[in-house]
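Report on the following structure.
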Amino acid sequence: LRWLRQRLAGGCSALLLVCHPMALAQEAELQAQDALQTLTYQNLALAKAQLKAKAPEWMASPHVQVRRGHLDTVIAVGLEEGQMDQVDGAPAALLALSAETGDDVARVTAHSARAFSQGARGKAGEVLQALNLIEPVALRSNDPQALWIFHLARGSLHNTMGQFEPALADILRSKDFALQRPRQSRVSLLRSQTYAGLVHLKIKNAGKAL
């Protein structure tokens, strides 16, 4: 038994030597994406330039989280700039990533991004129905990132349609999940608070119209 334990220990050590640099590289890329998400609120032009420079490297990454994180950042920059054409390119790539890897978070993010872009084009009712169909996938993922963006997108659609009560309910849920995110929690919370502010603004304006 001693020789077997020694061989197993040696094999595990060799595996760690191989995996450790890969894990470090992945963590470095994810940290860079975290910083870039924050930069979208501080200096959008610089964030766009850095995103463009890193795109080939991140999309060629062997790590699913890095590729998904890149596309998530593309969406964030597009939404912050109000450029829905930029947002439009991400869902197809996310769905392809989900099909390749079985990643539910990528699938939920794709449908949520589509909801944002199509809702801004006057198709909120249509995409709300489609987004509701993806809710079981978001729940199955049990991932705060997926649940955050799902509720944020649905709240935004409800707000666009003048359905303020469900809008606030969804956005408040998104705030809960933002706080649970192990990465990008603060910037996610800030985005949820921004969308909550938009709902309150529409409620105020609706009250003035009456």
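Apolar share of the accessible surface for the chain: 59 percent from carbon plus sulfur atoms, 1.4 Å probe. When all protein chains stay in place and ligands, DNA and RNA are ignored, the 1.4 Å accessible-area order of PHE164, PHE116, largest first, is PHE164, PHE116. For LYS202 and GLN86, a Förster radius of 22 Å and the Cβ-Cβ distance give a FRET efficiency of 0.30, rounded to the nearest 0.05. Remark: region 148-156, residue by residue, has Karplus-estimated 3J(HN,Hα) of 4, 6, 4, 5, 5, 5, 5, x, 5 Hz, where x stands for each Gly or Pro and the curve is 6.51 cos²θ - 1.76 cosθ + 1.60 at θ = phi - 60°. Comparing PRO21, PRO144, PRO136 in a Gaussian network model of the chain (Cα springs below 10 Å), the most mobile by mean-square fluctuation is PRO21. Sorting the segments 72-85, 40-53 by their residues' average number of neighbouring beta-carbon atoms within 10 angstrom, most packed first, yields 72-85, 40-53.
The values are calculated or read from the model by the stated rules, or taken from the named source; none is laboratory data. Treat the numbers as computed from the prediction; the structure is a model and nothing was measured. FYI the Cβ positions are ideal-geometry reconstructions off the backbone, even for glycines, and counts take in every protein chain you see. Quick note on the areas: whole protein, heavy atoms, side chains included, nothing else; ligands and nucleic acids left out. Shrake-Rupley method; radii C 1.70, N 1.55, O 1.52, S 1.80 Å.
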